[in-house]
Amino acid sequence: MGDEFIPLINKGGGAGIEVTAYTQTLPDIEARVGSVAKAAQVVGNFNSVVMLRVRHTETAELLTKQLPEVEIYTKMLISGVTDISNADMGGILLRIHRIGSAPLEHL
């Protein structure tokens, strides 16, 4: 990725070019293109974003600020255990579930 990548993703969509790219952190892009401003151009020209776990705070904030606020109607904590490793094998099965409910909130 370098300076030639910026016009490719900027104008490529209109020419029928689809670009799929992956990075772990925003500084990875900055290091490749040489500046924060150019990295912002790269990030700004992608329409679809797939998010996975991110450890870098600035990258996480960049991703999560793109998400809309949603109303939470029900929130439940469910945990469970079983006393055999493969329940499909038969035998005695003991399952214990604890279901807890929390008040509604707005995220």
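I need the shape label for the stretch 5-64. Rule: rounded when a/c is under 1.5, else prolate if a/b > b/c, else oblate, with a, b, c from the alpha carbon gyration tensor.
Oblate, because a/c is 1.5 or more while a/b does not exceed b/c.
Could you give each residue of the stretch 9-16 its phi-based ³J(HN,Hα) in whole Hz, using Karplus coefficients 6.51, -1.76, 1.60 with θ = phi - 60°, and x for Gly or Pro?
Values, residue by residue: 7, 6, 10, x, x, x, 9, x Hz.
Relative contact order for the stretch 5-64 using alpha-carbon pairs under 8 Å, separation at least 6, rounded to a whole percent?
It rounds to 37 percent for the stretch 5-64.
Could you work out how much longer the chain between Glu58 and Lys11 gets when fully extended? Use 0.36 nm per residue separation minus the Cα distance between them, nm to one decimal.
So the chain would gain 14.2 nm between Glu58 and Lys11.
So, counting K/R as plus one and D/E as minus one, what does the shell of residues with Cβ under 12 Å around Val42 add up to?
So the surrounding residues net to -2.
Every number in this text was worked out from the coordinates using simple rules, so none of it is lab data. Everything numeric in this text was worked out from a predicted model, so none of it was measured. So basically every Cβ, Gly included, is an ideal-geometry build from the backbone, and we count neighbours across all protein chains shown.
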